[in-house]
Amino acid sequence: MRSKQLYINTIGCQMNVYDANQIAGVLAPLGYTGTDAIESADMVVVNTCTIREKAEQKAFSFLGRLAKSKKDNPAMIIAVGGCVAQQEGQAILQRMPHVDLVFGTHAIFRLPEMVRRIEASRCRIVDVRLSETIEIDDPTVGSLVDGQVAAFVTIMRGCDNYCTYCVVPHVRGREASRRPDRIVDEIRLLVAEGIREVTLLGQNVNSYGDKEGLCTFTELLERVNAIDRLGRIRFTTSHPKDLSEDLMRAFGRLEKLCRHIHLPVQSGDDEILRRMNRKYTRADYLNKIERLRKVCPEIAVTSDFIVGFPGETERQFQRTLDLIETVRYDGLFAFMYSDRPLAPASAFSAKIGDAVKKERLQALLDLQETITREKHADMVGRILRVLVEGTSRDVDLPGSADQSRNIRWTGRSSSNHIIHFSAPQEGSPEKEVLTGKFADIMIEGAYAHSLWGRMVDRSEGSTSEKGEASIAA
Ligand code: SAM
Ligand code: SF4
């Protein structure tokens, strides 16, 4: 079979990164292998996102530029997948004559058949059917994990929560969970390819398996924790309303589960939370944070925030800043509210102007930066265990002795902090030395978004992190 070149452009969240790998996996039997050279590609897939208006614009502007590539290379197949494809369907073919295929968020497993038809007859296809269940679910490992240490694994798709600002339930469909044995098989395949860390993905992992009567999410974590040679487990996202006592306790007892939780709160004001349909109050949220920190004192907590939700007053925004000061997050993502035509909040009145949204976003980010700096400063002098992801040539490490004889590496702590560090070269081929292994790093300083330090052995001090000792390579 002739080898054909596949170029994938992924915009958006981790689910799209995972889907890109699935797309590569299902197209491999047709002879497609990944390429970085778009102009000579036989097929280009644009994996789109519509969570905010900007992401959608980015997808359309990339697609627009592809018209020229198609003119220069008329045999090229151009396919649009992901959430914009699901939302716009047929309209994309009408708007963009150079596009051959529009496939929705549930159509990835039907891709090979569609691509075969296009190759044979150069027809144009739209498939945006949504289904209530996950029909075909064969564990697939695409070529995109090559050389990587960490990978995403989708455990469920869709969402039933209907937050009023959010397009996800409308473009990813109803919540449906994969069977635990399929998930475990897939992780085993990834581990065999060299993956040491997995992040389990779902819009609300707390309701994993509920509908289908599968095991609970905590039981799934236990099964993944038992996989040989897997080093670390992360998951995202946990909806605060459903975060169970059982799952909180898992942070205290599962040794591979990273000591980090991403718990998006969106706002610190009860009235805004109610109008967002989040189904928890500020007090509920703070109680859960307190409980988590009791079970696992070293746990890092991060969150998502939306500023400028319709009708948000200055006082309500101040409640959000106050919540951030109370929780003292380890990091956060903040977004200006963006109208999504399919989401109910787009019809809410009292929209907030861009200037105010920008101001609020900046105030929020400034506050978090201060907290991050203080938290980073507290980490200096501690030893953190890092899973090494690779070398980091572009990063200077202030103060590290004799940089020329040392190699600079990058990894992550269990708490999800990015850590750069130096280690002696010792004459061996550098790539193989530490990538995919655990290393203990004495933290010596901090940049705005990362920490730096030097590799030590355990005898130099005690680490504040639990677990992982048994799985260090
Ligand atoms: N399921 C996750 C949850 O409930 O937290 C998050 C899913 S969404 C892909 C990621 C983040 O995008 C949300 O937590 C929210 O902060 C942000 N977001 C979603 N819709 C938005 C909108 N219309 N405008 C601005 N930000 C939005
Ligand atoms: Fe969107 Fe809310 Fe579902 Fe998250 S839980 S995907 S924010 S509807």
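The values are calculated or read from the model by the stated rules, or taken from the named source; none is laboratory data. Remember, it's a predicted structure, so these values are computed and weren't measured experimentally. Heads up, the Cβs are rebuilt from the backbone with ideal geometry, glycines too, and the neighbour counts pull from every protein chain shown. Note: areas computed on protein heavy atoms with side chains; ligands, DNA, RNA excluded. Shrake-Rupley method; radii C 1.70, N 1.55, O 1.52, S 1.80 Å.
Got a number for residues in region 12-50 being out of contact with any helix residue (DSSP H, G or I) (no Cβ under 9 Å at 6 or more places or on another chain) and closer than 17 Å to D137 by Cβ?
1
Mind counting the residues in region 323-359 that are closer than 18 Å to D270 by Cα and touching a Gly at 6+ places or on another chain (Cβ under 6 Å)?
Number of matching residues: 3.
Considering every residue within region 272-282, establish whether at least one is within 30 Å of K437 (Cα to Cα) and within 16 Å of ligand 1 (Cβ to nearest atom).
No - not one qualifying residue is present in region 272-282.
Among residues belonging to region 80-101 that are among the hydrophobic types (A, V, I, L, M, F, W, C) and out of contact with any helix residue (DSSP H, G or I) (no Cβ under 9 Å at 6 or more places or on another chain), point out the one that is nearest to G64 (Cα to Cα).
Taking region 80-101 and keeping what is among the hydrophobic types (A, V, I, L, M, F, W, C), we get 80, 83-85, 91-93, 96, 99, 101.
Right, trim to out of contact with any helix residue (DSSP H, G or I) (no Cβ under 9 Å at 6 or more places or on another chain) and you get 91, 93.
Values: A91: 14, L93: 12 Å.
For region 80-101, the residue satisfying everything is L93.
Only one of (1) at pLDDT below 90; (2) surrounded by fewer than 20 Cβ atoms within 10 Å (Cβ to Cβ) is not met by E374, so which one is it?
It is condition (1) that E374 fails.
Among the residues of region 255-302, what is the count of those that are part of a loop (DSSP other than H, G, I, E, B) and either of a type in the set (S, T, Y) or under 17 Å from V205 (Cα atoms) (or both)?
Qualifying residue count, region 255-302: 10.
Return the residues of region 133-162 that are at pLDDT below 90 and of a type outside the set (V, I, T); say none if nothing qualifies.
Matches in region 133-162: E135, D137, D138, P139, G142, S143, L144, D146, G147.
Go through the residues of region 261-269 one by one and say whether even a single one is within 12 Å of ligand 1 (Cβ to nearest atom), over 25 Å from H417 (Cβ atoms) and free of Cβ contacts under 8 Å to residues at least 60 places away in the same chain.
Yes, region 261-269 has at least one match.
Among the residues of region 221-237, write down those that are open to solvent by less than 10 Å² (accessible area, probe 1.4 Å), within 27 Å of Y285 (Cα to Cα) and assigned to a helix (DSSP H, G or I).
Within region 221-237, L221 is the sole residue that qualifies.
Search region 165-196 for residues being part of a loop (DSSP other than H, G, I, E, B) and of a type in the set (A, V, I, L, M), and hand back the single one that is nearest to T50 (Cα to Cα).
V167
Which residue out of L365, L323 is over 23 Å from the mean Cα position of the chain (by Cα), assigned to a helix (DSSP H, G or I) and surrounded by 13 or more Cβ atoms within 10 Å (Cβ to Cβ)?
The match here is L323.
For region 138-164, give me each residue that is in a loop (DSSP other than H, G, I, E, B), small (G, A, S) and surrounded by fewer than 17 Cβ atoms within 10 Å (Cβ to Cβ).
Listed by number, the list holds a single entry, G147.
Here is a list of conditions, (1) surrounded by fewer than 20 Cβ atoms within 10 Å (Cβ to Cβ); (2) within 25 Å of D160 (Cα to Cα), and P240 meets all of them except one; can you say which number that is?
Every condition holds for P240 apart from (1).
Considering only region 197-220, state which residues are outside any loop (DSSP other than H, G, I, E, B) and within 16 Å of ligand 1 (Cβ to nearest atom).
First, the residues of region 197-220 that are outside any loop (DSSP other than H, G, I, E, B): 197-201, 205-207, 217-220.
Scanning region 197-220 gives T199, L200, L201, V205, N206, S207, F217.
Which residue is farthest from the chain's Cα centre (by Cα), if the candidates are limited to region 146-181 and must be away from ligand 2 (no atom under 14 Å from the Cβ) and within 16 Å of G213 (Cα to Cα)?
Filtering region 146-181 for residues away from ligand 2 (no atom under 14 Å from the Cβ) gives 146-153, 155, 177-181.
Pick out the ones that are also within 16 Å of G213 (Cα to Cα) and you get 155, 177-181.
Numbers: I155: 13, S177: 18, R178: 18, R179: 21, P180: 20, D181: 23 Å.
Here the answer is D181.
For F348, are the conditions met, namely being within 16 Å of ligand 2 (Cβ to nearest atom), open to solvent by 80 Å² or more (accessible area, probe 1.4 Å) and in contact (Cβ under 8 Å) with a residue 12 or more places away in the chain?
Against the criterion (within 16 Å of ligand 2 (Cβ to nearest atom), open to solvent by 80 Å² or more (accessible area, probe 1.4 Å) and in contact (Cβ under 8 Å) with a residue 12 or more places away in the chain), F348 does not qualify.
Restricting to region 21-59, count the residues that are more than 16 Å from ligand 1 (Cβ to nearest atom), among the hydrophobic types (A, V, I, L, M, F, W, C) and crowded, with 18+ Cβ neighbours inside 10 Å.
9
What are the pairs, 6+ residues apart or on separate chains, where a residue within region 1-20 that is hydrophobic (A, V, I, L, M, F, W, C) has its Cβ under 8 Å from a residue that is part of a loop (DSSP other than H, G, I, E, B) and away from ligand 1 (no atom under 13 Å from the Cβ)?
What qualifies is M1/G31; L6/T35; L6/A41; L6/D42; A20/G142.
What is the residue count in region 165-191 for residues that are open to solvent by 10 Å² or more (accessible area, probe 1.4 Å), in contact with a helix residue (DSSP H, G or I) (Cβ under 6 Å, 6 or more places away or on another chain) and either without any contact (Cβ under 8 Å) to a residue 24 or more places away in the chain or within 30 Å of I352 (Cβ to Cβ) (or both)?
So the count comes out to 1.
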